[in-house]
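The values are calculated or read from the model by the stated rules, or taken from the named source; none is laboratory data. This is a predicted model, so every value here is computed, not measured. Note that each Cβ is placed from the backbone with ideal geometry, even for glycine, and that neighbours are counted across all protein chains shown.
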């Protein structure tokens, strides 16, 4: 049995929870990087952007759709070439959730 706060958990469940937390943190880090590159207008074309993120083009497009689900208005400038925000996403709800987890 492993201890997680005040709860005793079977070792395999404890390992699974730690894995899921680490996976979630990695996903959050990827979205932060995605957001920063778009905000700076330094993504490059879709393939270069996917390469910089270390994902496939299909995964990159899924990530962009996730940001759009947060009401981000993302467009692509062929001349630059880079993605950019016409309207950035509202991360206020996400920030509240993350802050409450740290309390």
Query raised in the report: Among the residues of the range 61-71 satisfying the criterion of being in contact with a strand residue (DSSP E or B) (Cβ under 8 Å, 6 or more places away or on another chain) and not in a loop (DSSP other than H, G, I, E, B), which is surrounded by the fewest Cβ atoms within 10 Å (Cβ to Cβ)?
Result: 68
Requested in this report: Say whether the condition of being surrounded by fewer than 11 Cβ atoms within 10 Å (Cβ to Cβ), under 29 Å from residue 92 (Cα atoms) and at pLDDT 90 or above is met by at least one residue in the range 44-60.
Outcome: yes
Requested in this report: Those residues that are in contact with a strand residue (DSSP E or B) (Cβ under 9 Å, 6 or more places away or on another chain), assigned to a loop (DSSP other than H, G, I, E, B) and modelled with pLDDT of 80 or more, I need them from the range 72-103; list them, please.
Outcome: 72
Query raised in the report: If you scan the range 24-43, which residues turn out to be loosely packed, with under 13 Cβ neighbours inside 10 Å and more than 14 Å from residue 84 (Cα to Cα)?
Result: 24, 25, 26, 27, 28, 29, 32
Report task. Output the residues belonging to the range 40-60 that are within 17 Å of residue 79 (Cα to Cα) and outside any loop (DSSP other than H, G, I, E, B). Result -> 46, 47, 48, 49
